[in-house]
Amino acid sequence: MQHLLIPSSRRIIAADLAPLSRGQKLARIAHNALNALVAWLTPSDEPRIWRRRDPSGRWVWEIRHGQEQLTLSEENHVRQWVERHYYHLRR
């Protein structure tokens, strides 16, 4: 189910609830992909953390921060990295 955020100053009309056409779906996918690519290529002071499956099918966590790149197998290790990283920045 898709959730819509519609400003309260506007009334909901039938067009707001109508399913998207194939062209609209493709346009939305392209827009989201372009935004993700721009975000990925744009330098950021914030670490990028995501989860993926490795070639053997296990879930692993990837961390990219500046030139640092890590692959961790446990969520607790990711939390520890984040805590150390932010503790270091606050000192």
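Structural remarks
- The numbered conditions (1) at pLDDT below 90; (2) surrounded by 12 or more Cβ atoms within 10 Å (Cβ to Cβ); (3) not charged (D, E, K, R) are all true for LEU70 except (1).
- Annotation note: Cβ proximity below 6 Å between a residue of region 35-51 that is under 12 Å from GLN67 (Cα atoms) and a residue that is outside any loop (DSSP other than H, G, I, E, B) and open to solvent by less than 70 Å² (accessible area, probe 1.4 Å) (sequence gap 6+ or interchain) occurs for PRO47/ILE63; PRO47/HIS65.
- Some residue of region 40-53 being out of contact with any Ser or Thr (no Cβ under 6 Å at 6 or more places or on another chain), at pLDDT below 80 and part of a helix (DSSP H, G or I): yes
The values are calculated or read from the model by the stated rules, or taken from the named source; none is laboratory data. In this text, all values refer to a predicted model and were calculated from it rather than measured experimentally. In this analysis, Cβ positions are derived from the backbone assuming ideal geometry, glycine residues included, and neighbour counts consider all displayed protein chains. Please note that ligands, DNA and RNA were not included when accessible areas were found on the heavy atoms of the full protein model with its side chains. Shrake-Rupley method; radii C 1.70, N 1.55, O 1.52, S 1.80 Å.
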